[in-house]
1. How large is the charge dipole for the stretch 2-118, taken about the Cα centre, if only the Cβ atoms of Lys, Arg (+1) and Asp, Glu (-1) carry charge, to the nearest 20 debye?
2. Calculate for the chain the 222 nm mean residue ellipticity that helices alone would give, adding -39,500 (n - 2.57) per DSSP H run of length 4 or more and normalising by residue count, nearest 500 deg cm²/dmol.
3. Let me know the charge dipole size of the chain about its Cα centre in debye, to the nearest 20, where only the beta-carbon of Lys, Arg (+1) and Asp, Glu (-1) is charged.
4. Dividing the convex hull volume of the alpha carbon atoms of the chain by its residue count, what do you get in Å³ per residue?
5. Which shape class, rounded, prolate or oblate, goes with the stretch 2-118 when its Cα gyration tensor gives a ≥ b ≥ c as root eigenvalues, a/c under 1.5 marks rounded, and past that a/b bigger than b/c marks prolate?
6. What base-10 log of the normalised intensity I(q)/I(0) is obtained for the stretch 110-264 from the Debye formula, alpha carbons as equal point scatterers, at q = 0.13, 0.20 Å⁻¹?
7. Bin by bin, in steps of 10 Å, what percent of the Cα pairs in the stretch 189-264 do you find, going until the bin that has the longest distance?
8. Would you work out the charge dipole size for the stretch 159-263 about its Cα centre, treating the Cβ of every Lys and Arg as +1 and the Cβ of every Asp and Glu as -1, and quote it to the nearest 20 debye?
Amino acid sequence: MVLAFGKYLGNDKLVQDLLHYRLTLNLYDSHEKLPKHCHEYPYLSVAIKGYYQELTDMKGIPPSIVDQRSILYRPAGYVHSNEFNKMGGACFNIEFKDQSFLKSIFPFHQEVVVIPNNLDVTRIFYSFLNNESTAVLELHIQELLVGLTKSVYVQNHSSIAKKAAHYIEEHADQAFSLSEIGSQLQVHPVYLSRAFKKTYSKTIGEYLSQVRLRNAFYGLGNQEKLTTLAYSKGFYDQSHFIRSFQKEFGTSPGAARKELSRLI
C-alpha cells in the first residue's frame, strides 16, 4: 500500500499545509494494527501519545518500540507495519514536499533513521496546536532541520557524546552529577563536558533540562497532579517546573494540558 502525499492510516485530527511541508496529527485506537504500507514522500514522525511496535521486512532491522523519546525519519518507499499498545496513540508528522535539503541530512539512508527527540519538535507541535502562522512554523522547521544535521552526525561519529546523551535519556528523572556520568563512561568529567558542548552546542545541564521538559510536556496527557508530574520527570519542585515550562513554551503547564486534552 503506497500512501500519497499527506495521507496517513488512522484518524486525521489536525492538518496544516505549509509552503514546503504538511503537518498532521493522527490518532490511533487501542491495539490498532496498521498493515504494511509506505509513503510516497519522506517524513519525520513523533509519537505524541502512547507507543507502538514497528516492523519492517528490511534485513538487519529488528522490531522496535517507538515512544516519545525518538524522532523517526522514514524515507519515501520505506515499507513498515505498526501495532499500538492498549492505550492507543497519537503521532505528529512533518511531511516534505521539497526533498532537496533532506539529501544533505540523510544522504545515504534508504531505511528508517531513529534520532533522539528534542524540544525542537515539541515546540513545532505545540505551535501547530495553537495555530501559529505558517511563517513561524516554517522557521521552526528550518531550525529543526539544522539541528538534525548535527544529530545525524553525532549518531555516526561522536561516541562519547552519544553515550552521554543516552545516559541522560535513561536517568533524566533522577539526580546525578557530571562526575557520575564521567565515571559511568570512564572518561574525565572536564573532557566529557567539553566534548558534549562541542558536539551538541549546549551543556550537559541544558540538554538534561530539555529532556525533562520534553518528558513533562508529553506527560501532561496523564491526569496526575502537576506537582507529581514535576517530581516524576526530575524537577525539584513544582515552581521550578512551571518557570522552566513557561520560559520554553510561553504558557503554563495547566494551559498546555487543556490544549492537549482538547485534541488528544
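Read the figures in this text as sums done on the coordinates, not as results from a lab. These numbers come from a predicted model, not from an experiment. Please note: Cβ atoms are built from the backbone with ideal geometry, for glycine as well, and neighbour counts cover all protein chains shown.
1. Details: 12 positive and 12 negative charges, 18 e Å.
Dipole magnitude for the stretch 2-118 comes out near 80 debye.
2. On the way: 10 runs with 117 residues, N = 264.
Using -39500 (n - 2.57) per qualifying helix, the result is -13500 deg cm²/dmol.
3. Numbers: 29 positive and 25 negative charges, 85 e Å.
With Lys and Arg at +1 and Asp and Glu at -1, about 400 debye.
4. 129 Å³
5. Working: a/c = 1.56, a/b = 1.18, b/c = 1.33.
The shape class here is oblate.
6. The calculated log intensity ratios at q = 0.13, 0.20 Å⁻¹ are -0.67, -1.31.
7. In order of increasing distance, the bins hold 19, 45, 23, 12, 1 percent.
8. Numbers: 15 positive and 9 negative charges, 69 e Å.
In debye, rounded to 20, the stretch 159-263 gives about 340.
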